[in-house]
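What follows is one structure encoded as structure tokens, with my remarks underneath.
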Amino acid sequence: MPVWLRGHSWRQSGSAVFLSLPVPGVRVTAANIFCTERYLKVSVPPFLFEAILYAPIDDTNSTAKIGNGIVFFTLYKKEVGMWESLTLENASKEKLQYLRENAVLKAHEKAKEETEAKKVTKQEHKKYALEATMKLEEAERKRIEELKEQERQKVTKELELWKDQLKNVENQKKVQKEGQLHEEVEQLKEKKKEKINKTSIPSEETLKTRLKPTKGRGSCSMFSENLKEEQLPAPRSSGTIKINFTSRVFPTALRESRVAEEEEWLHKQAEARRIINADLSELKDLKEEEKNPDWLKDKGNKMFATGNYLAAVNAYNLAVRLNNKLPLLYLNRAACHLKLRNLHKAIEDSSKALELLTPPVPDNENARVKAYVRRGTAFCQLELYAEGLQDYEAALKIDPKNKTIEKDAEKIRHVIQGTMQNS
């Protein structure tokens with residue numbers, strides 16, 4: 001048999017009724033309260049409170065505050081006026097039973113209408129999110145195509161300019177060579193003229209000496225010696241010199257490089273290529289830019305902003321598979337899980353983000369504060385208030401001037417104190 005709660009008190013104004021209902025030794029939640037226009041019920045085993053109200057109330061705007069073993073109701077009247085009593089008195093059992101059943105029936109109809117309205121709203125939101133996603137993707141594709149076209153035009157112009165410069169250099173070299181050859185030919189002609197002039201007018205004694213015949217086998221005339229053409233040396237033969245350079249991935253010289261940082265970068269790139277080239281069916285139909293974790297993170301952020309949390313989680317999941325060392329991926333996915341009420345997953349992602357945000361430095365203070373707050377929120381929604389308070393206090397140590405976190409932490413302390421008093 002239930003224990004009826006009789007120790008309530010109430011007061012009223014022209015527009016509202018204020019009801020204070022003590023519920024000792026038990027914990028009351030919103031699920032224990034049922035309220036319609038004419039019917040109010042609080043059922044917390046073994047206690048029970050039931051009231052057929054004197055006049056109709058606005059059950060939509062009416063409120064109930066739970067704390068320190070007391071449920072305080074603020075019931076707004078539909079019509080302004082003073083009630084003679086809180087409940088309907090001198091009514092027959094049949095009328096009370098009718099009012100009770102009618103209240104339950106109206107509550108069911110209202111819940112059904114709200115469910116249908118939520119379905120319609122949800123479908124509209126999905127449709128809007130899909131249209132927004134398609135528009136964003138179309139705009140992103142257009143932007144990428146424009147960037148590609150601009151880059152192609154830029155490279156084409158640079159290539160044409162380089163070809164023109166190369167032709168100009170070749171023409172200059174050709175003109176220089178022709179000028180040098182012309183100068184050399186002119187010099188040779190001048191030398192020949194000088195030699196001819198020296199030998200063209202000989203003296204009488206020289207002429208007589210030259211006219212004397214010579215005996216011997218190897219003798220020759222003076223004309224054969226003077227008229228012998230000068231032999232020019234043959235041009236030098238061309239050759240090729242081979243130069244071998246040390247193979248380098250980076251364009252800088254080895255003496256100017258940082259070997260440790262380059263090896264680390266190459267290792268990360270090789271690991272990323274290995275993951276991308278793995279047998280992942282999700283990656284087969286993706287474009288090259290869609291395999292970039294940063295691109296996927298930005299896409300997830302856009303989905304989150306439009307309220308499409310499931311799509312955002314999918315984007316973050318794929319980004320984590322491509323690169324599991326980015327703490328912001330886990331941090332943003334934890335926010336999505338909080339919206340979707342996946343509280344344990346939100347705790348796991350927040351904890352993983354905190355592991356990656358080490359060592360603690362000023363540059364990652366904001367990210368660590370978000371991780372602690374999101375994990376603390378998930379703990380509190382799981383009614384693990386002590387663990388949630390620890391995370392909020394850790395966030396306050398990092399950012400002590402944050403008033404919002406300080407207020408939330410104070411609320412959690414009050415909840416913990418109220419729970420301890422009730423127990």
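The values are calculated or read from the model by the stated rules, or taken from the named source; none is laboratory data. The shown structure was predicted, so the numbers you read here are calculated from the model rather than taken from an experiment. With ideal geometry, Cβ positions are generated from the backbone for all residues, glycine too; neighbour counts draw on all protein chains shown. The accessibility values were calculated without ligands, DNA or RNA, using every heavy atom of the protein model including side chains. Shrake-Rupley method; radii C 1.70, N 1.55, O 1.52, S 1.80 Å.
From the residues in region 338-361 that are assigned to a helix (DSSP H, G or I) and basic (Lys, Arg), which one is surrounded by the fewest Cβ atoms within 10 Å (Cβ to Cβ)?
339
Where in region 30-83 are there strands (runs of 3 or more DSSP E), lying fully within it, with 3 or more residues that are open to solvent by 50 Å² or more (accessible area, probe 1.4 Å) and either in contact with a helix residue (DSSP H, G or I) (Cβ under 8 Å, 6 or more places away or on another chain) or at pLDDT 85 or above (or both)?
63-67, 70-76
Collect the residues in region 59-86 that are of a type in the set (S, T, N, Q), over 25 Å from residue 25 (Cβ atoms) and touching a residue at least 12 places away in the same chain (Cβ under 8 Å), keeping them in residue-number order.
Correct list: 61, 62, 85.
Right, residue 13: more than 52 Å from the chain's Cα centre (by Cα) and open to solvent by 60 Å² or more (accessible area, probe 1.4 Å) or not?
no
Check residue 395 against each of (1) over 30 Å from residue 132 (Cα atoms); (2) open to solvent by 30 Å² or more (accessible area, probe 1.4 Å) and name the one condition it does not meet.
Residue 395 satisfies every listed condition except (2).
Checking the condition within 23 Å of residue 293 (Cα to Cα) and open to solvent by less than 60 Å² (accessible area, probe 1.4 Å), which residue from 314, 324, 402, 364 passes?
364
Out of curiosity, is residue 335 open to solvent by less than 50 Å² (accessible area, probe 1.4 Å) and either modelled with pLDDT under 95 or not acidic (Asp, Glu) (or both)?
Yes, satisfied.
Quick one: in region 167-222, of everything that is modelled with pLDDT of 85 or more and among the hydrophobic types (A, V, I, L, M, F, W, C), which residue is surrounded by the most Cβ atoms within 10 Å (Cβ to Cβ)?
The extreme case among them is 188.
If we scan region 86-102, do we find a residue that is assigned to a loop (DSSP other than H, G, I, E, B), closer than 25 Å to residue 414 by Cα and more than 46 Å from the chain's Cα centre (by Cα)?
No: zero hits.
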